[in-house]
Amino acid sequence: MYVEMKNISKSFADCKACDDISFGIEQGKLVALLGPSGSGKTTLLRMIAGLEIQDGGDILIDGRVVNDVPGKDREIGFVFQNYALFRYMTVYDNIAYGLKIKKVPAKQIRETVMELIGLVGLSGMEKRYPAQLSGGQKQRVAFARALALKPKLLLLDEPFAAIDAKVRKELRNWLKDMISRVGITSIFVTHDQDEAVEVADDILIINEGRLEQIGRPLDIYKHPNTPFVAQFIGSSVVLDSFTGFKGFDEVKNDSKVVIRPEFVEAFKGDNPRFNKLISAAEKGTLRNIQFRGNCLEISLEVNGVILSTNRSLERRPVRIGDEMYVIVYRIYVINNEETAVHKNVLLKDINVEML
Amino acid sequence: MRVRKNDGPVKWVLITISALFLFVMLILPLIYVIVTSFKDGVQYFVNAITDEYAKKALILTVWVTAITVICNTVFGIFAAWCLTRYSFKGKKRISALIDLPVTVSPIIVGLIYVLTYGRQSAVYPILKNLDIKIIFAVPGIVLATVFVTLPFVAREIIPVLNAKGTEEEEAAALMGASGFRIFKDITFPHIKWSLLYGIVLCAARAMGEFGAVSVISGHLRGKTNTLPLYIELLYQGYDFTGAFAVSSVLVIMAVCILILRSIFEKNLIKNKD
């Protein structure tokens, strides 16, 4: 483990930012700290950087306890949310600043800085000031500046938050590519699940100062440990009480049931493709339609519960109030951090894949 | 479509009222000061301002202003830094206390110092043993002036430091920059113009301070008389022309400061963009 957090806790005045958090991050991994705003993920990152001091617990970097080591001696690079570029310095001076402080010979500074500027693709812009750069360019400068002192760990706080949606996607790939090219262990904070899933090797999900789950994106998607994770990764419906649909037994009292849109299919009674499945379907009423850019998200009321599913735009148009059949292929039943997948027993004989 | 015009009668009424007000309150008296000071001829004016006591008062005023500005600049930067970069108990109270000198009448400030360091005070014997004179001496004048102009610098920088946030400083700190280096490279370029602006305001106020200084100085001609006090003295002695002549020196100094101020203000606005 390159970075290890052991029982970290931290409070601000009356709010608990981190509550007994422990995890480890392997060398060379690109890890996302994912959680809603106010969940304590940025605090966690700042504690690794030494910008905040934990109230309790140990932080280890490369096997060394760094509790009392100031941030500048932790061999880290930090990219701030708004980049925090020095606004009265040129791109060149921004990147060179740390090297100048370390009294690196001028010739060597020049080589390093020009190499970094080339790496991030900003050649020719070294004399510009931050105010003359676009959001994406600023991020590149911040990235280069963070790497100037050859850190062993790169920390990024919401690296894409200040960039408009269109450029964001492009930059995600760029950053992922850059980090793997440099080969540096990296941790980034985000509240955007798509971003985390797309960019990170591993995801840590933080909620209300607690670590909910850690794992590879696909594993987290497939096996959410808590209702929160199930809801946060992929859009899901969480039911506190489940009285049973066709094909499922009733679930015990203290368990929660999570149903993802992908697990639900809705069709009209006269659709020949679904003829065989009608016996396994419940009746539902269409309550809401949302256009999602590449599909429709439709919400249906079934047995007093609202389920949603995505509907291809190629299919027949539907209207609010339509009566439809709803099939649930499977559900997650979560009980004390244990997730079980329950499949629809009525579909056992039918080859679902053909649908 | 009808476009709302910007130059209705209201605009002209308001401009006229403001102009009249400024004329009556400001320009007319200023003209009067200058005219009266030359009433008895240029020679009298020159004599009045080259009088030995006038010169001493001018030098004292410049000294007091310089010391005050230095004190309050240093204090202002420290206070602003504390209040924007650290969180601690009683921070709000300190922030409110900084403004106190503006709300207290200067004459009370003078009295407070007389009571604290004067003959009837408990610290007086200690001061006397150490041979330090505060009341009816220059240190007292400086103290009172510093007190009265305390918030000017701090109040100018605090909003700028607040708006800027701490990330740039943190970034520099993570690269290993020392506290002084961070201030010099990162913070100072940012607060430079508002700091100068605050200094100018502080200097202007320090030069003209009358109330507090009047109580504490003892009006010793040539020793503890600042320009405002000297003017008052001349005026009380029915030397109106002399008083106005010396006043015009103070007015000229104020106008110079005003010009500096507008230059700094321009840069301040330019810097914000």
Within region B:165-179, does at least one residue satisfy the condition of being outside any helix (DSSP H, G or I), within 14 Å of chain A (Cβ to nearest Cβ), hydrophobic (A, V, I, L, M, F, W, C) and in contact with a Lys or Arg (Cβ under 7 Å, 6 or more places away or on another chain)?
yes
Does at least one position in region A:17-29 carry a residue that is within 14 Å of chain B (Cβ to nearest Cβ) and on the phi < 0 side of the Ramachandran plot?
no
Qualifying position, being over 25 Å from B:LEU195 (Cβ atoms) and surrounded by 11 or more Cβ atoms within 10 Å (Cβ to Cβ), among B:LEU60, B:LEU97
B:LEU60
Tell me, which residue of region B:180-192 that is among the charged types (D, E, K, R) and surrounded by 14 or more Cβ atoms within 10 Å (Cβ to Cβ) is farthest from the other protein chains (Cβ to nearest Cβ)?
B:LYS192
Tell me, yes or no, whether region A:46-64 has at least one residue that is open to solvent by 10 Å² or more (accessible area, probe 1.4 Å), within 14 Å of chain B (Cβ to nearest Cβ) and in a helix (DSSP H, G or I).
yes
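I need a count of the residues in region A:241-279 that are assigned to a helix (DSSP H, G or I) and of a type in the set (Asp, Glu).
Number of matching residues: 1.
To keep it simple, each residue is scored yes or no on (1) away from chain B (no Cβ under 14 Å); (2) within 26 Å of A:GLY35 (Cα to Cα).
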residue	(1), (2)
A:GLY118	yes, no
A:GLN132	no, no
A:LEU171	yes, yes
A:GLY183	yes, yes
Which residues, counting only those in region A:8-43, are hydrophobic (A, V, I, L, M, F, W, C), open to solvent by less than 50 Å² (accessible area, probe 1.4 Å) and out of contact with any helix residue (DSSP H, G or I) (no Cβ under 8 Å at 6 or more places or on another chain)?
A:PHE23, A:ILE25, A:VAL31
Pick out, from region A:129-240, the strands (runs of 3 or more DSSP E) lying fully within it that include 2 or more residues that are open to solvent by 10 Å² or more (accessible area, probe 1.4 Å) and either without any contact (Cβ under 8 Å) to a residue 40 or more places away in the chain or not polar (S, T, N, Q) (or both).
A:210-215, A:237-239
Regarding B:ILE158, is this residue crowded, with 21+ Cβ neighbours inside 10 Å and either facing chain A (nearest Cβ under 8 Å) or within 28 Å of A:GLU158 (Cβ to Cβ) (or both)?
yes
Residue in region B:205-218 that is least open to solvent (accessible area, probe 1.4 Å), counting only those that are assigned to a loop (DSSP other than H, G, I, E, B) and closer than 18 Å to B:LEU250 by Cα:
B:GLU209
Residue count, region A:78-103 (criterion: more than 8 Å from chain B (Cβ to nearest Cβ) and in contact with a Leu (Cβ under 9 Å, 6 or more places away or on another chain))
5
Just give me the residues in region B:63-91 being open to solvent by 30 Å² or more (accessible area, probe 1.4 Å) and under 15 Å from the mean Cα position of the chain (by Cα), in sequence order.
B:TRP63, B:ALA66, B:ILE67, B:ILE70, B:CYS71, B:VAL74, B:PHE75
Taking the residues in region B:109-151 that are open to solvent by less than 60 Å² (accessible area, probe 1.4 Å), touching a Ser or Thr at 6+ places or on another chain (Cβ under 8 Å) and not in a helix (DSSP H, G or I) as candidates, determine which candidate is farthest from B:THR226 (Cα to Cα).
B:VAL123
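The values are calculated or read from the model by the stated rules, or taken from the named source; none is laboratory data. Predicted, not measured: the structure shown is a model, and the values here were computed from it. Backbone-built Cβ (ideal geometry, glycine too); neighbour counts: all protein chains shown. Only protein heavy atoms, including side chains, enter the accessible area calculation; ligands, DNA and RNA are left aside. Shrake-Rupley method; radii C 1.70, N 1.55, O 1.52, S 1.80 Å.
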